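Just below is one structure, and these are the notes that go with it.
The values are calculated or read from the model by the stated rules, or taken from the named source; none is laboratory data. Fair warning: this is a prediction, and the values are worked out from it, not measured in the lab. Here the Cβ positions follow ideal geometry from the backbone for every residue, glycine too, while neighbour counts run over all protein chains shown.
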Amino acid sequence: MKTIQNATFVDYLWLILLSAIWGSAFVGIGVALTAFHPLIVAWYRIMIAGIILWGFIWVRKLPLPRDKKSWQILTLLGLLNNALPFYLISWGQQYVSASTAAVMLAIGPFVALIMAHWLTHDEKITPRKLIGVALGFAGIFILFGEDFFKGEIHGLYGKLAILLATVGYVSSGLLIRKLSHIDTLVCAGSMFLTGTLWILPFVWFVPFNTSALLSAPFLTILYLAVVPTALASIIRIQLVQRAGVQFMSQVSYLIPLFAIFWAWVFLDAIPALSVWVALALILGGLFIRK
């Protein structure tokens, strides 16, 4: 595993672009769910993105990993980084708005902080960072508490699903560092391949709306596959391998803001006061933990 380097100005530019791209994904998922089952949305995103990346791998004749250990990690990454998070977020957004879903994922840096402290040699926790963690989880408790006191059980389940997706993303980020010897395209393409295979057995048991194949929701799925999935995964892997998990997790500063902005632009949706309060606590925690 390579030791991470200090982030450069260019790394931060890529981080901002990635945040804008991922922020738009929450709005796209909401549109896609109007016509397709959450599992279908996730599967198409992963499968199409995988086809695109494997096309690039074939054209460039990139070498594939030959050792068993790398493929074991890639198979696990397909589950933790693609299959589970994509499905859990899509499922959760049936009951949670795009803005709230993005704020929920902002807890990722705090999960990354705790996990990286125990699993890496160069990303350790400090007392100041612990204060940030406390603020971050306070924001999450506000979001959960809102549904709890209102008795909205589906909202609670939706937010819990998105929180579990965050754990998957952070876990995969730690594993990606172990594959720094593999080309970025090969790494991303292999993850999408194994992620597609993870979901494939379950696709046959959910309804598929064939009449919506030429509709706006399906075109939105194509966008989700090409931009927030295929392109964004390449950017993410490069940043993780070069600057580390905690640097990568800083997208959580911007993703909720971009998601709120895109939801306002395309859906004319304004978040509830509780979402703004939770976001303020989480961003405050992120600032303190730096």
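Summary of values
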read-out: Residue within segment 199-214 that is among the aromatic types (Phe, Trp, Tyr) and buried (at least 18 other Cβ atoms within 10 Å of the Cβ) present; value: no
read-out: Any chance GLY145 is in contact with a helix residue (DSSP H, G or I) (Cβ under 7 Å, 6 or more places away or on another chain) and within 20 Å of LEU281 (Cα to Cα); value: no
read-out: Qualifying positions in segment 203-216 - within 20 Å of PRO85 (Cα to Cα) and either touching a residue at least 60 places away in the same chain (Cβ under 8 Å) or in a helix (DSSP H, G or I) (or both); value: VAL203, VAL206
read-out: Wholly within segment 218-283, helices (runs of 4 or more DSSP H) carrying at least 2 residues that are of a type in the set (Val, Ile, Thr) and at pLDDT below 80; value: 232-243
read-out: Within segment 33-117, helices (runs of 4 or more DSSP H) holding 3 or more residues that are touching a Pro at 6+ places or on another chain (Cβ under 8 Å); value: 84-92, 98-105
read-out: Residue list for segment 71-96, restricted to those being over 14 Å from the mean Cα position of the chain (by Cα) and either within 20 Å of ASP183 (Cβ to Cβ) or among the basic types (Lys, Arg) (or both); value: TRP71, GLN72, ILE73, LEU74, THR75, LEU76
read-out: Test set (1) of a type in the set (A, V, I, L, M, F, W, C); (2) closer than 19 Å to GLN241 by Cα; (3) modelled with pLDDT of 95 or more - VAL10 fails condition number; value: (3)
read-out: Residue, modelled with the highest pLDDT, within segment 145-157, restricted to residues that are within 16 Å of ILE89 (Cα to Cα) and surrounded by 14 or more Cβ atoms within 10 Å (Cβ to Cβ); value: TYR157
read-out: Cβ-Cβ under 7 Å pairs, at least 6 apart or on other chains, segment 61-73 side within 17 Å of SER171 (Cα to Cα), far side part of a loop (DSSP other than H, G, I, E, B) and not aromatic (Phe, Trp, Tyr); value: SER70/ILE182; TRP71/PRO65
read-out: Close pairs (6 angstrom Cβ cut-off, 6 or more residues apart or separate chains): over 22 Å from ALA102 (Cα atoms) in segment 228-244, in a helix (DSSP H, G or I) and among the β-branched types (Val, Ile, Thr) anywhere; value: GLN238/THR184
